[in-house]
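Worksheet: the structure to be examined is printed underneath.
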Amino acid sequence: MKKIILALTAATFSTAAFAADFATVDVDQDGAISPEEFSAAMPDVDSNAFLAADTDQSGTLSEEEMTTAVENGLLPAG
């Protein structure tokens, strides 16, 4: 039981930390992460991860899409 609680706590803090970094990654502060902003912030992450995270296929990532992608392991936490 303690392991589950610790894992959930770690996941929550990681996601929260990443969500706080959303504003930093969103350089132009338009409320969305462009492919260019994504590549600059995460150069080691494959561009296919961006496409998979872009669930509404808008060509950008919303904060909700980024958070969901981190929670699902598609993207690394902050």
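Where a number appears in this text, it was derived from the coordinates with a stated rule and is not lab data. Every value quoted in this text rests on a predicted model; they were computed, and no experiment measured them. Note that we place each Cβ from the backbone using ideal geometry, even for glycine, and neighbour counts take in every protein chain shown.
Results, tabulated for the structure shown:
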item: Amide hydrogen neighbours beyond the local backbone of Ile33, cut-off 5 Å, H modeled; result: Leu61, Ser62
item: Likely footprinting exposure, Thr68, Thr24, fewest C-beta neighbours within 10 Å first; result: Thr24, Thr68
item: Cα gyration tensor shape of the range 39-78, rounded if a/c is under 1.5, else prolate or oblate by comparing a/b with b/c; result: oblate
item: Added length on full extension, which subtracts the Cα-Cα distance from 0.36 nm per residue, Met42 to Val27; result: 4.1 nm
item: Distance-filtered residues of the range 24-50 - backbone nitrogen under 15 Å, label point 7 angstrom along Asn72 Cα→Cβ; result: 48-50
item: Karplus 3J(HN,Hα) series, Hz, for the range 27-39 with 6.51 cos²θ - 1.76 cosθ + 1.60 (x for Gly, Pro); result: 4, 7, 6, 9, x, 8, 9, 7, x, 5, 5, 4, 5
